[in-house]
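Worksheet for the structure shown next.
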Amino acid sequence: MVSRVIPVDPFDLVIFGATGDLAQRKILPGLYRRFHAGQMPQGARIIGAARSAMEPEAFREQVRKAIAEFVDRSKIDAKDVETFLECIDYVPVDAMGEGGWAELKDKVQDGRVHAFYFSVAPSLFGPLAERLNEHGIADSEARIVVEKPFGRDLASAKALNATLAAHFEESQIYRIDHYLGKETVQNLMAVRFANILFEPLWNAQYVDHVQITVAETVGVGGRGAYYDKSGAMRDMVQNHLMQLLCLIAMEPPYHFDPDAVRDEKVKVIRALQPVSPADIVRGQYAGVKASETRAAQPGYLEDSENPDSRTESYIALKVHVANWRWQGTPFYLRTGKKLRGRASEIAITFKAPPHSIFDEEDASWPENVLVIRLQPNEGMNLKVMIKEPGPGGMRLVQVPLDMSFAEALGEEGTDIPDAYERLIMDVIRGNQTLFMRGDEVEAAWAWTDPIIAGWEARGDRPRSYDPGSSGPEDALMLMHRDGRRWREIRE
Ligand code: NAP
């Protein structure tokens, strides 16, 4: 199956923070890949902007290096790279000052889609929005793209929403959660709402529980001091895991339309119950002493440069969605750093059949599980029971019906667009379905804030866990006491 590439309308995309890590690692290489795939139309232009004084040619050299480093070799075509670089310009602009704005205004051309990507610290979102308007660079059709983190609590998210709303309509604001740009995440909606098979079973009557796991092998490394102000709850659960939970739990929207989809997601967030302290486990990875087989590794407390830190690098929670569909079906969420493997997945475990017609010894077969893998190897896998092959009577065995998207989509499938590429193309198309709306972000913080305030008031300390493990022991107990088990995190 070959995926179709439909070019978008001609655009001017201004990337503020174009010399930064995100722009160089994700945004610019992603745009090159879209160009190479034929999706970026003739005449589209990318204008880098940051404070660094630099000629456009020097910036193009940076982009050339970023492509060489972050684009798969099979997609690097010398001629394409040169033509792509011709679309690129650069203006030194200071978000906090007046320098560069007149030059930027001259570069942005009329009669095309205008998008402004704020790939800068959130403290600059307000000043950028204000100056874009003041200088008459962004018109009422322009789009702005803002990065996470969108606030650190409800009050700061509200303030940020109010600042952006002073200059732009909600229909112009694209709040990125790159998890929503993943192929599998969108496929989750297709599987649920374009098939009759799953939806009748997609409720508390048939679903025993849901597990959402986002496991990383890396620690907080060089950004420890920054991470220490946030922690796993703010950095991952409030946004990424929450978005996944919403897509699993939401009702069918009346149409695949941005506001219809987001209305349903907001309803899920508002239906989330407060989480009791007994249903929360937080952890910090320990350090490793040097031995014959292992080099020494710093623990979280060293990485964060805060020996007294109470910030979690791991969290597991049991969450309830209090509505008709999900009453009694728990959602277990976990995410952490320095774990055994790198994996992002959702597992929906169905209940056992109500009556067994098979022999007693075979009656305790494992449940059907639908696993939706975001990484590695985006795809889905449904575990079903079949008869074990051979003449040995009716013995049952569980097998996976596996659909790896890379395989299913043939050779082209190995080139599943990166989440950023897809999302930027959606910005140009003016499609907000995969972006968070202001009220959605606020609802997510309104649920998160009291949970964080609770452990701060209690003075809870995160439990230590071994790097390379699946997290603190207590997190295993969170499920064991309910007679359930976490899925294994594989190396
Ligand atoms: P970064 O590497 O520190 O880059 C920041 C960029 O902002 C640089 O290009 C910097 O260039 C520019 N900048 C700083 N002050 C400026 C000013 N006053 N006016 C204009 N430009 C200014 O940061 P990053 O990692 O790319 O992150 C950018 C944003 O994306 C942040 O909000 C971050 O939270 C978010 N994010 C990043 C990642 C990631 O993987 N890196 C992932 C998710 C979200 P000059 O110094 O030349 O001005």
Legend entry - Rg and Dmax [Cα atoms of the chain; Å; Rg one decimal, Dmax integer]: 24.0, 81
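If you take the C-alpha gyration tensor of region 165-212, multiply each eigenvalue by 5 and take the square root, what semi-axes do you get, largest first, in whole Å? Let's see the in-between values first.
Values: eigenvalues 201, 33, 29 Å².
Three semi-axes, in Å: 32, 13, 12.
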Legend entry - With Cα atoms, 0 to 90° folded angle of helix 419-429 axis to the chain main axis: 50 degrees
Inset, instruction - Would you kindly calculate the translational diffusion coefficient of region 1-133, applying Stokes-Einstein with the Kirkwood radius from alpha carbon pairs, for 10 °C and a viscosity of 1.306 mPa s, and quote it in µm² s⁻¹ without decimals? - result: 104 µm²/s
Inset, instruction - Select from Gln243, Ser230, Val266 the residue farthest towards the positive end of the dipole of region 230-306; place +1 on Cβ of Lys and Arg, -1 on Cβ of Asp and Glu, and compute about the Cα centre. - result: Ser230
Legend entry - Cut-off under 5 Å, modelled amide H: who pairs with Met403 long-range: Met380, Asn381, Leu382
Inset, instruction - Over 16 Å, how big is the tail of the calculated P(r) for region 65-152, in percent of all Cα pairs? - result: 64 percent
Inset, instruction - Rank the residues Leu476, Leu401 as a footprinting-exposure proxy: fewest other Cβ atoms within 10 Å of their Cβ go first. - result: Leu401, Leu476
Inset, instruction - Name the residue farthest towards the positive end of the dipole of the chain from the options Leu28, Ala322, Val91, assuming +1 on Cβ of Lys and Arg, -1 on Cβ of Asp and Glu, about the Cα centre. - result: Ala322
Legend entry - Whole-Hz ³J(HN,Hα) from phi, Karplus 6.51 cos²θ - 1.76 cosθ + 1.60, for region 21-36, glycine and proline x: 4, 5, 5, 6, 8, 10, 5, 5, x, x, 5, 4, 4, 5, 5, 4
Inset, instruction - Compute the acute angle (0 to 90°) between the alpha-carbon long axis of helix 438-458 and the principal axis of greatest extent of the alpha-carbon atoms of the chain; round to the nearest 10°. - result: 60 degrees
Inset, instruction - May I ask you to evaluate 6.51 cos²θ - 1.76 cosθ + 1.60, the Karplus curve with θ = phi - 60°, for each residue of region 260-274 and list the ³J(HN,Hα) values in order in whole Hz, giving x for glycine and proline? - result: 5, 5, 6, 4, 5, 5, 4, 4, 5, 4, 5, 8, 5, 7, x
Legend entry - Cβ-placed point charges (K, R +1; D, E -1), dipole of the chain about Cα centre in debye, nearest 20: 880 debye
Inset, instruction - Output the pairs from Lys75/Lys182; Lys182/Lys351; Lys65/Lys182 with a Cα-Cα distance over 22 Å in this structure; if there are none, say none. - result: Lys182/Lys351; Lys65/Lys182
Inset, instruction - Starting from the amide H of Ser119, placed 1.01 Å from N in the peptide plane, find each other amide H under 5 Å away whose residue is 5 or more places distant or on another chain. - result: Phe16
Inset, instruction - Let me have the relative contact order for the chain, percent, based on Cα pairs under 8 Å that are six or more residues apart. - result: 18 percent
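Read-outs: derived from the displayed coordinates by stated rules, not from any lab. Note that this is a predicted model, so its numbers are computed, not measured. Neighbour counts run over all protein chains shown; Cβ positions are idealised from the backbone, glycine included.
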